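A.B. asks: Pasting a structure here, questions to come.
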Amino acid sequence: MYVKRSYGAMAQPFFHNLQDDQRPYVPKGVHPIETGRYLIATNEIERMYQTISKWIQNRSPGGIIHGRPRIGKTRAINYLLVVPVVSCRPTNKHIMT
């Protein structure tokens with residue numbers, strides 16, 4: 001949420017009036033944004049998740065993820081490695097007696 005102040009066209013975050021003792025101390029060089037150690041879900045990552053989930057549920061023997069260079073394939077895979085995997089347990093309707 002942003003609040004317009006008398007700073008012209010520049011908008012300030014709503015927490016701009018917090019005191020320094022109220023904000024957490026993060027040493028320089030260790031914030032995830034600075035180090036690049038963060039993962040953010042995007043619509044494309046969600047699409048990849050749905051596709052890979054279908055591969056797993058259908059017991060596909062393999063799959064290929066392709067795309068232009070530098071568009072986030074590796075980051076997407078790293079994200080998918082840390083999110084919970086869909087349950088692949090068979091239901092009773094799949095069990096033959």
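A.B. asks: If only one of G36, G72 is touching a residue at least 12 places away in the same chain (Cβ under 8 Å) and out of contact with any strand residue (DSSP E or B) (no Cβ under 9 Å at 6 or more places or on another chain), which one is it?
C.D. replies: Checking each option against the conditions leaves just G72.
A.B. asks: Looking only at the range 41-52, decide whether some residue is surrounded by 10 or more Cβ atoms within 10 Å (Cβ to Cβ), in a loop (DSSP other than H, G, I, E, B) and either at pLDDT 90 or above or touching a Leu at 6+ places or on another chain (Cβ under 6 Å) (or both).
C.D. replies: yes
A.B. asks: Step by step: first the residues of the range 24-40, then only those that are among the charged types (D, E, K, R) and assigned to a loop (DSSP other than H, G, I, E, B), then the one that is surrounded by the fewest Cβ atoms within 10 Å (Cβ to Cβ). Which residue is that?
C.D. replies: Among residues in the range 24-40 that are among the charged types (D, E, K, R) and assigned to a loop (DSSP other than H, G, I, E, B), the one surrounded by the fewest Cβ atoms within 10 Å (Cβ to Cβ) is K28.
Rundown of residues vs (1) out of contact with any Pro (no Cβ under 6 Å at 6 or more places or on another chain); (2) among the aliphatic types (A, V, I, L, M); (3) modelled with pLDDT of 90 or more, yes/no style:
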position: M1; (1), (2), (3): yes, yes, no
position: S6; (1), (2), (3): yes, no, no
position: A9; (1), (2), (3): yes, yes, no
position: T35; (1), (2), (3): yes, no, yes
position: S60; (1), (2), (3): yes, no, yes
position: V85; (1), (2), (3): yes, yes, no
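The values are calculated or read from the model by the stated rules, or taken from the named source; none is laboratory data. Just so we're clear, the structure is a prediction, and the values are computed from it rather than from any experiment. No Cβ is skipped: glycine too gets one built from the backbone with ideal geometry, and neighbour counts run over all protein chains shown.
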